[in-house]
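These notes are about the structure you will find just below.
Nothing in this text is a laboratory measurement; each read-out follows from the coordinates by a stated rule. Keep in mind the model is a prediction, meaning the values are calculated, not measured. Note: ideal-geometry Cβ built from the backbone for every residue, glycine included; neighbour counts use all protein chains shown.
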Amino acid sequence: MSLDEFLIKPLDWRAHFVSLQGVFLANRSGYKFDFSLYYVADFFVEIWYTKGSHEVGLIRGFTETACLTTYLDEINLSDIRI
């Protein structure tokens, strides 16, 4: 699956797909959201969880390594088989 194909799917479909196919990489906390980072196929996926309710607020996919800077202290890239 390509990133473009992933991004046009509904939110609940993307969440289920990541739970089945994603390799968990890291968590981080923000002010209003907690974030989980996964590697899926040939792109990264960040899931935003609303603090308190832990409901999924956003799922975004990306390939740009610049988007990983907030995770640099947490990511173990040896878990990714490229």
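Taking all Cα pairs closer than 8 Å and separated by 6 or more residues, the relative contact order of the stretch 3-79 comes to 27 percent.
Over the chain, DSSP H runs of length four or greater, each weighted -39,500 (n - 2.57), average out per residue to a 222 nm ellipticity of -5000 deg cm²/dmol.
Sorting H16, H54 on the 10 Å Cβ count, fewest up front, what's the list? Kindly include the intermediate steps, with their values, before the conclusion.
Values: H16 12, H54 9.
Going from least to most buried by this count: H54, H16.
Once you charge only the Cβ atoms, +1 for Lys and Arg and -1 for Asp and Glu, what is the size of the charge dipole of the chain about its Cα centre, to the nearest 20 debye?
Values: 7 positive and 11 negative charges, 35 e Å.
In total the dipole reaches around 180 debye.
P(r) tail for the stretch 3-79: Cα pairs beyond 18 Å make up 36% of the total.
Which FRET efficiency value, to the nearest 0.05, do you get for A66 and D42 by plugging their Cβ-Cβ distance into 1/(1 + (r/R0)^6) with R0 = 25 Å?
Working: r = 17 Å, r/R0 = 0.67.
Efficiency for this residue pair is about 0.90.
Residues of the stretch 1-28 with backbone nitrogen within less than 15 Å of a virtual label 7 Å along the Cα-to-Cβ line of E55, please, listed as ranges. The answer is 11-12, whose backbone nitrogens lie closer than 15 Å to the label point. Between the residues F33, T70, H16, the greatest Cα displacement towards the positive end of the dipole of the stretch 3-79, with unit charges on the Cβ of Lys, Arg, Asp and Glu, is found for F33.
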